[in-house]
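Please treat every number below as a calculation from the coordinates, not as lab data. Quantities reported herein were computed from a predicted structural model and do not represent experimental measurements. FYI the Cβ positions are ideal-geometry reconstructions off the backbone, even for glycines, and counts take in every protein chain you see.
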Amino acid sequence: MKSILITGASSGIGRATAELFLSEGWRVGLVARRADMLEDIAARYDTAVACPADVTDPGAMSAAVQGFVQEAGRLDVLFNNAGMFGAQGEIDAISYADWRAVVDVNLNGMFLAAQASYAQMKAQNPKGGRIINNGSISAHSPREMSVGYTTTKHAITGLTKTLSLDGRAHDIACGQIDIGNARTEMVLDLEKRRAVEGLPALPAMDVENAARAVLHMAGLPAEANVQFMTVMASKMPFIGRG
């Protein structure tokens, strides 16, 4: 049975992806701070393992990886997904504390999850595995008032490229999925704010489309890798110019 560890598994893209992988017969490690929400998933699937942890805590993230490996035997895939949008506004309206909060989760947290998983994949026998980083369309083109989120998602592209290059010697592949406007709590919250401001609704897609894209990336044989994939609502204004 193949195994995957998913960060940010308690809600949104992480939860949808976890439930899809579980339905496809994978052993799935569920990482998030909310233990009760992870246990809710684990109670419904025999192959789910709740691994509550704060991704910004190095010791907790390392323990989550090792705890999952004790249950699963090895780690085949990490879906490095945990993230937050953070405070919105122009740069002069964003406090340093708000900036640090986004950087801590979206960049430091993804670094720590990748670091612990990479070390496990490098050491296990047979060695190797796959890391899938959740970037965003914001890794290429920003949404307005999103300096923290957009900056960190650009940084994830650098992390992806570095892991892909360094991992070759250890049979560790790394790819990135850039998702645009899946119907998650974060996008629905943005919708509410836009409605208050009198702005039109955002084009959006069912979150399962994102989950199925991750499943495809994770299921590839070791000789193949999706380096970058963009999956988004078809009518998003990502392509084009004014």
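A few comments on the model shown:
- Every Cα-Cα pair in segment 1-111 was counted, and those over 18 Å apart are 48% of them.
- Selected from 18, 119, 93 as most flexible by GNM, with the chain as the system and alpha-carbon contacts under 10 Å: 93
- Considering only Cα atoms, the convex hull volume of segment 110-238 works out to 108 Å³ per residue.
- DSSP-loop GluC sites (Glu not before Pro) across segment 142-242, with at most 10 other Cβ within 10 angstrom: 144, 197, 223
- Based on Cα contacts under 8 Å between residues 6+ apart, segment 3-232 shows a relative contact order of 20 percent.
- Rule-of-thumb Rg ratio for the chain [Cα; 2.2 N^0.38 Å; N residues]: 0.98
- 26 Å Cα-Cα reach of residue 161 towards lysines, excluding residues that sit fewer than 8 places from it in its own chain: 2, 122, 127, 153
- Considering only Cα atoms, the convex hull volume of segment 60-129 works out to 85 Å³ per residue.
- When only alpha carbons are used to place a centre, segment 132-196 and segment 5-20 end up 15 Å from one another.
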